[in-house]
Amino acid sequence: MLKSLKTLALGGALLTANATWTQAQPAFSAPAAQEFTYGSPSVIRPMNVSNYSIQLSGLDVYLSGWGLPLNGVPSEFIWQYTAIGNPTAIAGQGSFAYTGIADLGTGIIYNSTTGRFNYLVVYYKLGVGHFLDIYEVPVPIVPTAAPVLISSVQLSNSTNYGRIRMDSYSQYAAAIVWEYPGVGIQTQACHNGTWGNVLTLSGTANATGPDIALLPRNGTVYVNYAYYDAGAGTITESTIDRNVLLSSTGTVSPLVEDVYSAGTIASHIVLDCPDYNNNTPNWAYTFTDGQKVMVRYRDYATSFSANTVCVNDGATFGNQSTMPWYEAYSPSLHYGSGSFGGSTGQITVAWYASDNMATHGYIAMEMSADGTTLLSAPDYMALPNAFTPNKYPFFNIWYRNTTGIALSKTSDFNFSPGFLYASYFDYNNVTGNYQLHHAFHQWNNPVFKGGAPAAGIEKSIAAASIATYPNPFRDDMTATVTLPGSGALDLQLFDMTGHKVWQYQATLDKGTHQVKVGEVSSLAPGIYLLNSSFNNKKIGAQMVTKQ
């Protein structure tokens, strides 16, 4: 049951009775979003959660992972397919169990050699090292068929834990970063299923807790890193061309863009970059000291230098401060474009708040990319079914290494679903079990809000499908389109700089149609994007390769 605002303010009322604070309690706007729990109840005391979402083969694809780094205790990698624009219309779902691992992260890549999608799962295996598991699914995706594990690659031989993270972009680019204690921060990049060498970032021997985010800029994908040096109390943000990573061996030296004196921090760093190619090197990351939730960001539209803002102290955005009532844990960040017609440059921050008495749960806020304007409803957005009567019992012990909530990093217009996906776990004090929650926030809403499209639309769009062959192609390519009824079909082919090189528009009857993609023999070899829509509603977007 969703808590009322009166119930959510209970903790503050109890505290105020024993204190002289006169500042108003912050309000948590009640959510109106789809949410469900899915995950094995045998996952106990989780310490990390991750997710990744994308639109493929006429489906919204959602991957998630959660678990605990204890030998013999299960963790879980979850996959789910839903109708486009309707996260409650589940077409298929399942999971794979892991044991004795930490930091289960997920991502997606298109493998141009096999012509199939690869689901990527990264993790640290206790006492053994860092790993990358590669699952394969067909193109187009069969919603009822589970992914198949085809490869497990050991990335390091570290016998000591070090955080591992991953990001994917636009089906063709992916990169991983991990901490190898005693060696430094290591990384590996991928292009269309082909992986480069394992590399060490220079000058990172003392760095810990890295995160990674991919940034499209000037037709190139850059890999951005953020990591912490506890001895110096600094957070370093750096960047490097992904092509350099793909062609290098040994040690590489990213361009250090910012070094921030953060002092002692009480959480992991979570970094993200905008997925829209606006040719600016923007980025943002978040962390907390236990009460203040900080965002360090760079917005080239307003400043060449990075700036820092506290999102929950009431000083910048006109919202009520959560201090001194609420402790802050485990912040997560999404740097998005408000996909599908929204304004560009939106940064969403979510975290776990607790007054240590009666109110414990996940809240969020959204700000403009220049760090000046509150875009969500004052004071904060409550997430659905995200409040429990008891505080998670292990946050006080392991809070520095706990990631209790994850926001999908996806915001690419061509592939992003119509929702910001959130994953978070809660604790049942009666049963002693945890649940993994999956919630969906529609773009450009001031509260955490979800909603299905108009009646019948999701059914029609889910039934429409497209497949291309051959892929890769050389001189000719054909699109096979199946339509649920009569209507307008629109196919558009783009190169990776966003230039439209071909378009097909026609009114077609219900059924399956063969459409020859023309003028492709003269195209330069490389990766192209085929966008398809039916009656002005998106069917999907596919990566195709010209040889």
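Numbers for the structure displayed
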read-out: At R0 = 22 Å, FRET efficiency that the Cβ-Cβ distance of Lys292 and Ser261 yields, to 0.05; value: 0.90
read-out: Built amide H within the under 5 Å cut-off of Ala266, gap 5+; value: Thr288, Asp289, Gly290
read-out: FRET efficiency for Thr507 and Asp475, using Cβ-Cβ distance with R0 set to 41 Å, rounded to 0.05; value: 0.90
read-out: Debye, to nearest 20: dipole size of the chain, +1 on Lys, Arg Cβ, -1 on Asp, Glu Cβ; value: 600
read-out: Farthest positive-ward along the chain dipole, Cα basis, beta-carbon charges - from Val153, Ala306, Leu436; value: Leu436
read-out: Amide proton proximity set for Met477, modelled H, under 5 Å, gap of 5+; value: Val517
read-out: Segment 520-528 - phi-based ³J(HN,Hα) in whole Hz, Karplus 6.51/-1.76/1.60, Gly and Pro as x; value: 9, 5, 8, 5, 5, x, x, 9, 10
read-out: Computed [θ] at 222 nm, helices only, for the chain once each DSSP H run of length n ≥ 4 contributes -39500 (n - 2.57); value: -1000 deg cm²/dmol
read-out: Within-13-Å neighbourhood charge of Glu519 [Cβ basis; K, R +1; D, E -1]; value: 0
read-out: Per-residue ³J(HN,Hα) for segment 232-248, Karplus 6.51 cos²θ - 1.76 cosθ + 1.60, θ = phi - 60°, Hz, x for Gly and Pro; value: 8, x, 10, 10, 9, 10, 9, 8, 7, 5, 4, 5, 5, 5, 5, 10, 9
read-out: Residue-count net charge about Trp66 - beta-carbon cut-off 14 Å; Lys, Arg +1, Asp, Glu -1; value: -2
read-out: The chain - percent relative contact order, Cα under 8 Å, separation 6 or more; value: 14
read-out: 29 Å Cα-Cα threshold exceeded, pairs from Lys125/Lys292; Lys449/Lys546; Lys449/Lys516; Lys409/Lys500; value: Lys125/Lys292; Lys449/Lys546; Lys449/Lys516
read-out: Integer Hz, Karplus 6.51/-1.76/1.60 couplings in order for segment 52-64, x for Gly and Pro; value: 8, 10, 6, 9, 9, 6, x, 9, 8, 9, 10, 10, 8
read-out: Listed residues Gly184, Ile269, Tyr62: farthest to the positive end of the dipole of the chain (Cβ charges); value: Tyr62
read-out: Placed amide H near Thr410: partners under 5 Å, 5+ positions off or other chain; value: Ser53
read-out: Dipole of segment 5-442 [Lys/Arg +1, Asp/Glu -1 at C-beta], most positive-end residue of Pro74, Tyr427, Leu215; value: Pro74
read-out: Magnitude of the charge dipole, segment 39-154, Cβ model with Lys/Arg +1 and Asp/Glu -1, debye to 20; value: 100
read-out: Highest to lowest packing among 212-221, 101-110, scored as the average C-beta count within 10 Å; value: 101-110, 212-221
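No value in this document is a laboratory result; all are computed from the given coordinates. Just so you know, these numbers come straight off a predicted model, no measurement behind them. With ideal geometry, Cβ positions are generated from the backbone for all residues, glycine too; neighbour counts draw on all protein chains shown.
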